[in-house]
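Input: a single structure, listed below in structure tokens.
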Amino acid sequence: MGVSRMRLFGCCILVVLGLILNESVLCNGGVTSSFVRKVEKTVDMPLASDVFSVPHGYNAPQQVHITQGDHVGKAVIVSWVTMDEPGSDTVLYWSEKSKQKNKANGKVTTYKYYNYTSGYIHHCTIKHLKFDTKYYYKIGVGHTERTFWFITPPPVGPDVPYTFGLIGDLGQSFDSNKTLTHYELNPIKGQAVLFVGDLSYADNYPNHDNNRWDTWGRFVERSTAYQPWIWTAGNHELDFAPEIGEKKPFKPYTHRYHVPYRASNSTAPFWYSIKRASAYIIVLSSYSAYGKYTPQYKWLEEELPKVNRTETPWLIVLVHSPWYNSYNYHYMEGETMRIMYEPWFVKYKVDMVFAGHVHAYERTERISNVAYNIVNGECTPIRDQSAPIYITIGDGGNLEGLATNMTDPQPAYSAFREASFGHATLAIKNRTHAYYSWHRNQDGYAVEADKIWIQITLEFADSSFIAKPNPAASGRWMPSLSPVCQLIESDSWNSLKDLRSPSQASQALSRTTSFSSNASDTDDIFLCWEALHF
């Protein structure tokens, strides 16, 4: 009980200081984690590893992966490879509650890279799906048929809760396997993955050994076949190697991984957008031309004004090379792109920018370097509530290892940084609040090494925009926050709405038979109280 009171007292202090919602707990250079990380060399798993095993049977489909197939989430692109012959390009699919099987036909392609010839790569778009529905799908023929499933997102809307996983720079090392396992077993269940680039790292092998594209596809299939991964191209997808006659950038990547770029009027698969639940996601390319009047520039200039924040209040950008990075690795590599596009990000109030490239983790404050803060002749980023939070999540575990050297002292814009492998989750709760957490591989699956409540940019959180709990609907969106929040139904809400601290809420709810005063519940009460009092 003493521990619970202390926790609640600490939470009250946080509320008074406004630390949770304004991210100002990490200031004056933020936090550089003192966690003692792994020292073993990062190595790729051998070709004989179980995670690379080929499915049984002649010409069995392998490397199965799905991604969103249209702009709003009512279509899915199903992709797979057959190694011996083209086989069937048909996908059979049906909803969980229906016996009616439907067919969709795809297309088959192959490519050659130096002395490698790919298998037969299939891409099939399933259209006209229902929102928020579980579908099964079957590919292959006869004894080598394989069946998988996916769940479509809810309809696009401002208060639709949805949880994304965040992974970058994954590769196929033993640490990569830990990252993927950690994500799969995280109790905060991601419904789709936002992948910020650098997939297989096949280009680290002699002649860009494309067999390592095949092993990577089989490795990640246990996740990619069941939930969409939203792809971003990184530098390890370039595969530009004129010394061996390979002069077409992105050749393996574009043959293997399709995205719905035409749905957002993009002219290339390296920059595009999708809507998913309450989020509008823009994918950019660090390794395509982005200067003024280039296709990517003109597309983004037209795309940002289209975002309807009353429909999709959360505006998220994925890009591979980080714009803000306090590690010595790849330092300032994203600077020219930042100079080009950051004024737009501030103008249109982008909420979060996720990047990879640096093999470590870092989260910034909401900052911009559009209006300079001149101190002793130096130009430094300043706090800006119209600017995004920048998060580097290039810590997937690839064979190149961790980026451990950091600039010292830690810049004021950097809120938290740590050189460990891991992944993150972003749980959007409603139109104003989202819960973000980062999970290092060395911890238990439920441990959050870094966590923060993120509040939507204030202009969009006025009284007409905030999602207030509806007593008649028993707090419609609150069950997505925590089990304890589900206790706050109409009767409880009427008694709690005027309470001014989480400790008062805890005392009030302790009278119910469903609430206990253990540490987990007191944490939930704090989070729920916060959500009810923004």
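Candidates in segment 236-245 are the residues that are surrounded by fewer than 19 Cβ atoms within 10 Å (Cβ to Cβ) and in contact (Cβ under 8 Å) with a residue 60 or more places away in the chain; of these, the one that is nearest to THR152 (Cα to Cα) is ALA241.
Modelled with pLDDT of 95 or more and outside any helix (DSSP H, G or I) - does that describe any residue in segment 295-302? No, segment 295-302 contains no residue that is modelled with pLDDT of 95 or more and outside any helix (DSSP H, G or I).
The single condition among (1) over 21 Å from the mean Cα position of the chain (by Cα); (2) in a loop (DSSP other than H, G, I, E, B); (3) within 27 Å of LYS251 (Cβ to Cβ) that THR336 does not meet is (2). As for segment 255-267, it holds at least one residue that is at pLDDT 95 or above, touching a helix residue (DSSP H, G or I) at 6+ places or on another chain (Cβ under 6 Å) and of a type in the set (Ser, Thr, Tyr). The listed residues are ALA48, ALA60, ALA104, and the only one of them that is in a loop (DSSP other than H, G, I, E, B), over 25 Å from the mean Cα position of the chain (by Cα) and without any contact (Cβ under 8 Å) to a residue 60 or more places away in the chain turns out to be ALA48. Of the residues in segment 327-346, at least one is touching a residue at least 40 places away in the same chain (Cβ under 8 Å), under 29 Å from PRO153 (Cα atoms), surrounded by fewer than 23 Cβ atoms within 10 Å (Cβ to Cβ) and of a type outside the set (D, E, K, R). So which residues in segment 218-238 are within 19 Å of GLY394 (Cα to Cα) and either in contact with an Asp or Glu (Cβ under 6 Å, 6 or more places away or on another chain) or outside any loop (DSSP other than H, G, I, E, B) (or both)? If the condition is that a residue be within 19 Å of GLY394 (Cα to Cα) and either in contact with an Asp or Glu (Cβ under 6 Å, 6 or more places away or on another chain) or outside any loop (DSSP other than H, G, I, E, B) (or both), then PHE219, VAL220, SER223, THR224, TRP229, ILE230, GLY234, ASN235, HIS236, GLU237 are the ones that fit.
Yes/no per residue for (1) under 16 Å from the mean Cα position of the chain (by Cα); (2) touching a residue at least 40 places away in the same chain (Cβ under 8 Å); (3) closer than 23 Å to TYR435 by Cβ:
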| position | (1), (2), (3) |
| --- | --- |
| GLY168 | yes, yes, yes |
| GLY171 | no, yes, no |
| ASN177 | no, yes, no |
| GLU184 | yes, no, yes |
| TYR201 | no, yes, no |
| ASN204 | no, yes, no |
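Checking each residue in segment 246-267 for being among the aromatic types (Phe, Trp, Tyr) and touching a residue at least 12 places away in the same chain (Cβ under 8 Å) picks out PHE250, TYR253, TYR257. One residue stands out in segment 136-166 among those that are hydroxyl-bearing (Ser, Thr, Tyr) and more than 15 Å from the chain's Cα centre (by Cα): the one that is surrounded by the fewest Cβ atoms within 10 Å (Cβ to Cβ), namely THR147. Counting only residues that are of a type outside the set (Gly, Ala, Ser) and either touching an Asp or Glu at 6+ places or on another chain (Cβ under 9 Å) or farther than 17 Å from SER264 by Cα (or both), segment 283-308 holds 4 of them.
I'm checking my understanding of the structure. Among residues of segment 261-274 that are surrounded by 23 or more Cβ atoms within 10 Å (Cβ to Cβ) and not aliphatic (A, V, I, L, M), which one is farthest from ILE454 (Cα to Cα)? Residue satisfying both the conditions and the ranking: PHE270.
Do the conditions hold for LYS248, that is, is it in a helix (DSSP H, G or I), surrounded by fewer than 20 Cβ atoms within 10 Å (Cβ to Cβ) and more than 16 Å from the chain's Cα centre (by Cα)? No. Of the residues screened, PHE250 is one that is on the phi > 0 side of the Ramachandran plot and touching a helix residue (DSSP H, G or I) at 6+ places or on another chain (Cβ under 8 Å).
Looking only at residues of segment 281-307 that are farther than 24 Å from GLY356 by Cβ and free of Cβ contacts under 8 Å to residues at least 12 places away in the same chain, we find that the one that is surrounded by the fewest Cβ atoms within 10 Å (Cβ to Cβ) is TYR293. The listed residues are PHE131, PHE148, and the only one of them that is within 27 Å of ILE188 (Cβ to Cβ), in a strand (DSSP E or B), of a type outside the set (Val, Ile, Thr) and in contact (Cβ under 8 Å) with a residue 40 or more places away in the chain turns out to be PHE148. Report, by residue number, each residue of segment 410-425 that is in a loop (DSSP other than H, G, I, E, B), closer than 21 Å to PHE195 by Cα and of a type in the set (A, V, I, L, M, F, W, C). Residues satisfying the conditions are ALA419, PHE421.
The values are calculated or read from the model by the stated rules, or taken from the named source; none is laboratory data. Computed from a prediction, not measured in an experiment: that's the story for all the values here. Please note: Cβ atoms are built from the backbone with ideal geometry, for glycine as well, and neighbour counts cover all protein chains shown.
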